[in-house]
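Contents: one structure, followed by commentary.
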Amino acid sequence: MTTGFANQPAPAQASTASTYDGFYFRDNLASTGTIPAVSPFNQSPDIIQSSVPVPNPTVAFSTIDSWKQAYPTEPTPGQNYYYLRGLNGSLEAFDGSVRLYWAPSQLILFPSSWKNNPLTTQKGLEDASVQADAGHIGVGAQPFLLNTGSERLPSTESFYAFVSQNTASAIPTVSSWLEMSQLLTQQLGFGFRNMVSFDPVEGAMLYRLGFDIPMSVGESATLQIGVSVQGIPAGDTIGLITDCYTPEMTSIALLPTKTNGNGYVAGIQVNVDPGFNASIAIQYWNTSGKVPPAGSQITVTANYVIPEDKFEKALTLGVLDSRYAQAATSDGIGPQQIAPVGSVTFVTTQAS
């Protein structure tokens, strides 16, 4: 079933905020290591791309000025070098290692989509060493290599998503939707970079995201898929649609919808089952004729609607938080508790 829903806060029992105790990756530039994390969850600035090796990266990427920057992660054709950094939120020095994985873009980055795609260093190793004193920035000593000739995307309408890992945190076996939310919002030993840039006036934007639900989640779910914008002019148009129906023969589609300025645009509510695999086409049209400034964003989010009988488990896992609550108004749906499970962002470049 597909319905619209409103994006209004609903009362919730908030989980207690704390600071991540360990070497962590930020979700976004505003992140300070607080858990539960605050959205966006897919814009980690601690995954850094370069077309050439960077001399002395442990210094270059640990300055205060560098720490305040989010670097591009889209690869250039051929060989690319990726560096990882993070902050030691522990009271003790950190001496460990990090890893970097890639996957073709997915709305929800379940571990099954990326855990078998590790990048390696110039020495062929999956780990890069990192040291950081308590409260200090640490940078991987070696870059990870990605060659677009060998690590290929399935189509030109896809893009690269990246996940970083502090190897002190094992990749979890996600057996429920709540555990996926816990990975995204609580386990800062993993960093997610799921975003791509586009020219807003070059033509209509079209990207395709994987929407693959592994059998391991073991349960059907109701998801809210929402679209929000920042900097996109009022009067532009956004829509999304999957390439197949659900097993219940229902469509997943947000019909082309006009933006009304910054903030929430529209959303749909869908039911999905384990094993469901589809591709979501996301499209944008500059129908207002006004050029969005560089850095404007379109973000698509996926939130799990928590059934009442799972509230206790959600609270135990730390994903039942008032900041994640939303209300749905169509079909008589009242205030709902939701848990974030995925997001992807499209960022405008300087118009050509």
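Solvent-accessible area per residue for the chain at a 1.4 Å probe radius, Å²?
Per residue, the chain has 41 Å² of solvent-accessible surface.
Of all the Cα-Cα pairs you can form in region 178-264, what percent are over 18 Å apart?
Every Cα pair in region 178-264 considered, those over 18 Å come to 62 percent.
When Rg is the radius of gyration of the Cα atoms in region 48-132 and Rh is its Kirkwood radius, what does Rg/Rh come to?
0.96
Which of 165, 131, 43 moves the most in a Gaussian network model of the chain with Cα springs under 10 Å?
Result for the chain, Cα springs under 10 Å: 131 fluctuates most.
When the Karplus curve 6.51 cos²θ - 1.76 cosθ + 1.60 is applied with θ = phi - 60°, which whole-Hz ³J(HN,Hα) does each residue of region 181-189 get, with x for Gly and Pro?
So the J values, rounded to whole Hz, are 5, 4, 4, 6, 10, 10, 9, 6, x.
Going from most exposed to least, what order do 288, 175 have by accessible area with a 1.4 Å probe?
Heavy-atom accessible area, descending, gives 175, 288.
Could you give me the ³J(HN,Hα) list for region 144-160, computed from phi with Karplus coefficients 6.51, -1.76, 1.60 and θ = phi - 60°, whole Hz, x at Gly and Pro?
Couplings: 9, 9, 9, 10, 5, x, 9, 8, 8, 7, x, 7, 6, 9, 9, 8, 7 Hz.
Residue 315: accessible area at probe 1.4 Å, nearest 10 Å²?
Probe radius 1.4 Å; accessible area of residue 315 about 70 Å².
Counting only protein heavy atoms and a 1.4 Å probe, tell me what percentage of the chain's accessible area is made up of carbon and sulfur.
Summing carbon and sulfur atoms, their accessible area is 53 percent of the total for the chain.
Taking only the Cα atoms of region 58-216, how large is their convex hull per residue, in Å³?
Given the Cα convex hull of region 58-216, per-residue volume reads 137 Å³.
For 257, 185, 63, give the ranking by accessible area with the largest first, probe 1.4 Å.
63, 257, 185
The values are calculated or read from the model by the stated rules, or taken from the named source; none is laboratory data. This one's a predicted model, so the numbers in the text were calculated from it and none came from an experiment. Side chains are part of the model used for accessible areas, which takes the heavy atoms of the whole protein and leaves out ligands, DNA and RNA. Shrake-Rupley method; radii C 1.70, N 1.55, O 1.52, S 1.80 Å.
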